Amino acid sequence: MFCSFNQTYKIEPVMFAAWMRILARVPGSVLWLLRSNRIAEANLRRHAEAHDIAGDRLVFAPFATKEDHLARIGHADLGLDTRVINGHTTTADTLWAGVPVLTLAGAFFPSRVAASLVRAMGLPDLVVDSLDDFEATAVRLANDRAALRARVARNRLAMPLFDTQAFTRDLEAAFRCIWDRHVEGIPPAPLDIPGAPIDGG
């Protein structure tokens, strides 16, 4: 089961078409989405059918409490990210629930957030650079779910993404460095905090 719990406004035609091609190539698969409103739900089902995908292969989940939402995400096999505006908190929640997220890295900040999160989770192979790679990787991973889920489980508490204590130490070190530069009259500049992870995403 694929999922994308991003809000409906992030779903645009190019990526939705890619999602439908993925469903076509993975028989029996469904795409689990967040229910926004009945009009959006009907429109998405209609567009799925325009791509020769049965509308009932889109499964809509109602809004839920954070605890219940995190619990239910874990039943998905692979998160499919949106393209122009990535999942931000949505991607972090999905990874925290133990579900890998496949993302297409764009050219601007809103389209690169998920790439940074996925890389910080130690899963750089889930960041692709083209729609063709996105589709091919999703299809391949649909047939290799167990190994990927095991990697996510191993990395969840071992990699920087969810290491709150290390993040806090690095942030405090950055604040000290900023203050020290200010006191010494040194102009602002990029900071190099020893030990902090470097992410070019």
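Out of the residues in region 72-88 meeting the condition of being more than 8 Å from the chain's Cα centre (by Cα) and hydrophobic (A, V, I, L, M, F, W, C), tell me which one is nearest to residue 138 (Cα to Cα).
78
Quick one: would you say residue 40 is surrounded by 15 or more Cβ atoms within 10 Å (Cβ to Cβ), over 15 Å from the mean Cα position of the chain (by Cα), among the small types (Gly, Ala, Ser) and under 22 Å from residue 95 (Cβ atoms)? Don't jump to the end; show me each part of the working.
Numbers: surrounded by 15 or more Cβ atoms within 10 Å (Cβ to Cβ): yes; over 15 Å from the mean Cα position of the chain (by Cα): yes; among the small types (Gly, Ala, Ser): yes; under 22 Å from residue 95 (Cβ atoms): no.
Considered against the rule, which asks whether it is surrounded by 15 or more Cβ atoms within 10 Å (Cβ to Cβ), over 15 Å from the mean Cα position of the chain (by Cα), among the small types (Gly, Ala, Ser) and under 22 Å from residue 95 (Cβ atoms), residue 40 comes out as no.
Residues to consider are 146, 173; find the one that is assigned to a helix (DSSP H, G or I), free of Cβ contacts under 8 Å to residues at least 24 places away in the same chain and outside the structural domain of residue 100 (by TED's automatic domain parsing). First the steps, then the outcome.
Numbers: 146 fails: outside the structural domain of residue 100 (by TED's automatic domain parsing).
Answer to the selection: 173.
At least 2 residues that are under 25 Å from residue 113 (Cα atoms) and of a type outside the set (Gly, Ala, Ser) in each: list the strands (runs of 3 or more DSSP E) lying fully within region 23-83 that qualify.
Numbers: elements: 31-34, 58-61, 78-80.
Filter on region 23-83 gives 31-34, 78-80.
Would you mind telling me which numbered condition in (1) modelled with pLDDT of 85 or more; (2) under 18 Å from the mean Cα position of the chain (by Cα); (3) not assigned by TED's automatic domain parsing to the domain that holds residue 94 residue 126 fails?
Checking residue 126 against (1) modelled with pLDDT of 85 or more; (2) under 18 Å from the mean Cα position of the chain (by Cα); (3) not assigned by TED's automatic domain parsing to the domain that holds residue 94, the one that fails is (3).
Looking at region 112-127, is at least one residue in a helix (DSSP H, G or I) and within 19 Å of residue 30 (Cα to Cα)?
The first filter runs over region 112-127 and keeps only residues in a helix (DSSP H, G or I), leaving 113-120, 124-126.
Within this subset, residues satisfying the condition of being within 19 Å of residue 30 (Cα to Cα) are none.
Taking every residue of region 112-127 in turn, none turns out to be in a helix (DSSP H, G or I) and within 19 Å of residue 30 (Cα to Cα).
Residue 48 fails exactly one of the following numbered conditions: (1) within 18 Å of the chain's Cα centre (by Cα); (2) of a type in the set (A, V, I, L, M, F, W, C); (3) modelled with pLDDT of 95 or more. What is the number of that condition?
Unmet condition: (1).
Restricting attention to region 89-121, and to residues there that are within 18 Å of residue 139 (Cβ to Cβ) and touching an Asp or Glu at 6+ places or on another chain (Cβ under 8 Å), which single residue is surrounded by the fewest Cβ atoms within 10 Å (Cβ to Cβ)?
99
Determine whether residue 170 is more than 12 Å from residue 95 (Cα to Cα) and within 17 Å of the chain's Cα centre (by Cα).
Working: more than 12 Å from residue 95 (Cα to Cα): yes; within 17 Å of the chain's Cα centre (by Cα): no.
No; evaluated as a whole, the condition is false for this residue.
The values are calculated or read from the model by the stated rules, or taken from the named source; none is laboratory data. Everything quoted here is computed from the prediction, not taken from an experiment. For neighbour counting, all protein chains shown are included, and Cβ atoms are generated from backbone atoms with ideal geometry for every residue, glycine included.
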